[in-house]
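Worksheet: one structure, shown below.
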Amino acid sequence: MRIPGSVVTVLVAGLSAGLVSAAEPPAGVGAVRFIDLAADAHRQVTVDREPGQYLGHPTTVLLEDGRTLLCVYPKGHGRGAVVMKRSADGGRTWSDRLPVPESWATSREVPTIHRVVDARGVKRLIMWSGLYPARLAVSEDDGRSWSALEPAGEWGGIVVMGCLFGQEAAPGHYTAMFHDDGRFFGGEDQRRSPTVFTLYRTTSVDGGLTWSFPESVLARSDVHLCEPGVVRSPDGRRLAVLLRENARRKNSHIMFSSDQGRTWSEPREMPDSLNGDRHTARYDPDGRLFISFRSVSPKGKTAPFEGDWVGWVGTWDDLVQGRSGQYHVRLMDNHVKADCAYPGVEVLPDGTFVATTYGHWTPGESPYIVSVRLGLVELDALGAEP
């Protein structure tokens, strides 16, 4: 039985793998508060649901007015026609499915949507669709009209783009990252034995219209690091990328950059409280981080909310020092393995987090899209309970 807002304190082993920086994460044990919001129906908003139709893998973007949200997702498990919806009230209600170009029906992989601005101040939304070739659609009117999906180059990959970030000193310049396992980068299956997972970076200097040929950031076969999710330090000087470990041999990983993503530290494992896939992070107005992901542990470990949609609350310093964080929160209970939680996360001006994802939320039904609303002040109140 789940108790709304129930809290339990669990000891989670910290990790002492070396970080190539001045800070070494401490060995030992850290306490993290586990909070369960899965039964809090008042937090949950259904974005889209269709009987018998798998709806999956959404990403979102919040526009500058602080209340307009766009959400894109496929009719299928990654592969499938891309659907778009809009919310004009910060995710409390959602439009019907909106008209999109015919080419969006040909999407073969998880779509991702991002806001970019060029050096002249022209605002764009760009939507990626991966595998080979990676394709891109562009809107210059906040999603009211879109170009067709067109190849960005003679290259491809998986979860294109897993993350995207701007270059602070160069308006209109962006870096994006994704991964491939040898199947899609060059258009032909070039998998090796053992399988090598490669992280790639590509750059744009024209506000997201064109992108460079990707270069390898990291290639490993001992661990399969993928689905990068980026976090910028509060002072803007450093970047961290959180990584799924798809071989399930080790914990999820993290690596750092001090030169705007051109070079990266050696990846290291994160604490158990951050084990999982598709980490998506936003800062609270008070400076803490909220990171949404699906809880998946390496072989031989099991998390309290294994296979469910979860969130982590902590600080940038927690990431740097390898600490377990403050809270580990179950957002919703997923009923089929770990098939959930490729999340979009946005934070409204009042500090409300709107986290959006898919999952098997109702036993016996196809997965559908929901949002969960929460504030860290609410979690603090729950965390203070004995």
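Read-outs: derived from the displayed coordinates by stated rules, not from any lab. Note that the structure is predicted; figures quoted are calculated from it, not measured. Cβ sites come from the backbone with ideal geometry, for glycine too, and all protein chains shown count toward neighbours.
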Extension gain (nm, one decimal) between Thr302 and Ala88, 0.36 nm per residue minus Cα-Cα: 73.1 nm
Unit charges on C-beta of K, R, D, E only; dipole of the range 91-249, Debye: 500
Spatial separation of Cα centroids for the range 234-280 and the range 81-152, in angstrom: 27
Magnitude of the charge dipole, the range 102-178, Cβ model with Lys/Arg +1 and Asp/Glu -1, debye to 20: 100
Inter-site label distance for Asp65 and Ala105 at 7 Å from Cα along Cβ, in nm: 3.0
Net charge over other residues, Cβ less than 9 angstrom from the Cβ of Leu374 (K, R count +1; D, E count -1): 0
Distance between modelled label sites at Thr46 and Arg237, nm, 7 Å Cα→Cβ extension: 5.0
The range 229-308 - Debye-derived log10 I(q)/I(0), Cα point model, q = 0.15 Å⁻¹: -0.55
Gain upon complete extension [Ala169, Thr315; 0.36 nm per residue less C-alpha separation]: 50.1 nm
Anisotropy class of the chain from Cα gyration tensor, a/c 1.5 cut: rounded
Nearest-20 debye value, the chain charge dipole, Cβ charges on Lys, Arg, Asp, Glu: 520
Charge sum, other residues only, whose C-beta stays under 14 Å from Pro51's C-beta, Lys/Arg counted +1 and Asp/Glu -1: -1
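Neighbour counts of other C-beta atoms within 10 Å: give me Trp316, Trp155 arranged from fewest to most.
Result, fewest neighbours first: Trp316, Trp155.
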12 Å beta-carbon shell around Arg288, net charge (K/R +1, D/E -1): -4
Ser212-Asp350 pseudo-label distance in nm [points 7 Å out on the Cα-to-Cβ vector]: 4.3
Cα gyration tensor category, rounded, prolate or oblate, for the range 280-352 with a/c compared to 1.5: oblate
Volume per residue that the Cα convex hull of the range 242-367 spans, once the total is divided by residue count, Å³: 121
Nearest-0.05 FRET efficiency for Asp189 and Asp141, computed from C-beta distance (R0 45 Å): 0.70
